[in-house]
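These notes concern the structure reproduced below.
The values are calculated or read from the model by the stated rules, or taken from the named source; none is laboratory data. Everything numeric here is computed off the predicted structure, so don't read it as measured data. Cβ placement follows ideal geometry from the backbone for every residue including glycine, while neighbour counts extend to all protein chains displayed. The protein model used for the area step is the full one, side chains on, heavy atoms only, and it has no ligands, DNA or RNA in it. Shrake-Rupley method; radii C 1.70, N 1.55, O 1.52, S 1.80 Å.
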Amino acid sequence: MDAIANFPTLDISEFWPEQDSGNNLLYHEILGKRHIEKPHKHDFFLFMLFAEGSGIHTIDFLDHQVDGGQLHLLFPEQIHKWELGEETHAHQLMISRSIFETLAYSLRFSLILYQNYPVINLSAEAYGKILYEFQRISSELAKPAILWEIINARIRLIALMVSEEAETLFNNQTVYQTKPMLFKYRSLIDMHYKKEKLVGFYADQLSISANYLNMLCKKHFHVSATALIHERLILEAKRILLTTERPIKAIAFDLGFYDVAYFSKFFKKQTRITPRAFRE
């Protein structure tokens, strides 16, 4: 039997267990070179603030250049790895799902936008303000009796400041401004891609014709409407293949494919490699 890579989902309690915060939130400072060779995913939310840095942070198979004055956002289930340079100095906040659910509304834009654009270049003023909140949270976590009301308030403040900085970035995605229907389409794909793979379903949800939706996608994204559905399926397939030992047949079924041979053919057509070869 071929060896199968196993990259489990990492729980927040596995990081710095000596920091007693009830495993709800952890602060960590990164100094110097860091390397994650094999991708993995977390079951928690991550704010990562770079004071200085170089290298590459790969999130959901897309490479992002690391630089000082950046904030990187990583959501649960997203796969990442990094190669950080010697001069790296960064601050991390690892936030459990339970706390994240209470602050998500403070991220004023759709979470899909943050996931599609996970690196935000901060102004010097915003960087200083956000760093101050990180440091205050670190100090609060070090106290014998942690006041979670203060910490939660500071996390929500960070989320609001991040949203303010992200506004320019997201507004620059003019396709979503001029054609909000396309943003809605991508949101619908994220909700239904496992069960609904035909453009007609999404067109009906948007009250437009499939031909018109396809025309919009080709004009603004330079791919067909079907390609966006396939793109989301492949992303999820890659995530599951890399982070579990589940049989390929079970993965195919989870993604709405009832014939494993057809799933393998679909995967290879999109990636030029079979699911088994990708995993190994």
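For the range 220-232: of the residues being out of contact with any Cys (no Cβ under 8 Å at 6 or more places or on another chain) and surrounded by 14 or more Cβ atoms within 10 Å (Cβ to Cβ), which is farthest from Lys269 (Cα to Cα)?
His220
Return only the number of the condition from (1) in a helix (DSSP H, G or I); (2) open to solvent by 20 Å² or more (accessible area, probe 1.4 Å); (3) touching a Phe, Trp or Tyr at 6+ places or on another chain (Cβ under 8 Å); (4) not aromatic (Phe, Trp, Tyr) that Cys217 does not satisfy.
(2)
Restricting attention to the range 90-100, does a residue exist that is free of Cβ contacts under 8 Å to residues at least 60 places away in the same chain and polar (S, T, N, Q)?
Within the range 90-100 (the criterion being free of Cβ contacts under 8 Å to residues at least 60 places away in the same chain and polar (S, T, N, Q)), the answer is no, since none of the residues qualifies.
Scan the range 89-136 residue by residue and report those that are of a type in the set (Lys, Arg) and outside any helix (DSSP H, G or I).
Arg108, the sole residue that qualifies.
Return the pairs, sorted by first residue and then second, in which the second residue is open to solvent by 20 Å² or more (accessible area, probe 1.4 Å) and in a helix (DSSP H, G or I), the first residue lies in the range 226-251 and is closer than 14 Å to Lys41 by Cβ and free of Cβ contacts under 8 Å to residues at least 12 places away in the same chain, the beta carbons are less than 6 Å apart, and the residues are 6+ apart or on different chains.
none
Just a yes or no: is a residue in the range 138-145 part of a loop (DSSP other than H, G, I, E, B), open to solvent by 10 Å² or more (accessible area, probe 1.4 Å), under 22 Å from Ile30 (Cα atoms) and among the aliphatic types (A, V, I, L, M)?
yes
Take the range 194-214 and flag every residue that is of a type in the set (S, T, N, Q), assigned to a helix (DSSP H, G or I) and open to solvent by less than 80 Å² (accessible area, probe 1.4 Å).
Asn214
Keeping to the range 243-257, report how many residues are open to solvent by 80 Å² or more (accessible area, probe 1.4 Å) and at pLDDT 90 or above.
Summing the residues that are open to solvent by 80 Å² or more (accessible area, probe 1.4 Å) and at pLDDT 90 or above in the range 243-257 gives 3.
Can you tell which of Leu160, Leu113, Leu122 is over 24 Å from Leu10 (Cβ atoms), in contact with a Gly (Cβ under 6 Å, 6 or more places away or on another chain) and of a type outside the set (D, E, K, R)?
Result of the check over Leu160, Leu113, Leu122: Leu122.
Going residue by residue through the range 72-88, is there one that turns out to be assigned by the TED database to the domain that holds Leu46, within 30 Å of Phe183 (Cα to Cα), in contact with a Gly (Cβ under 7 Å, 6 or more places away or on another chain) and assigned to a strand (DSSP E or B)?
yes
Which condition breaks for Thr102 when tested against (1) under 26 Å from Asp63 (Cα atoms); (2) within 21 Å of the chain's Cα centre (by Cα); (3) open to solvent by 30 Å² or more (accessible area, probe 1.4 Å)?
Answer for Thr102: the failing condition is (1).
Specify the residue that is surrounded by the most Cβ atoms within 10 Å (Cβ to Cβ); the eligible residues are those in the range 35-61 that are farther than 28 Å from Thr102 by Cβ and at pLDDT below 90.
Here the answer is Pro39.
What residue, of Ile240, Ile151, is outside the structural domain of Tyr27 (by the TED database), open to solvent by less than 40 Å² (accessible area, probe 1.4 Å), assigned to a helix (DSSP H, G or I) and among the β-branched types (Val, Ile, Thr)?
Of the residues listed, the single one that is outside the structural domain of Tyr27 (by the TED database), open to solvent by less than 40 Å² (accessible area, probe 1.4 Å), assigned to a helix (DSSP H, G or I) and among the β-branched types (Val, Ile, Thr) is Ile240.
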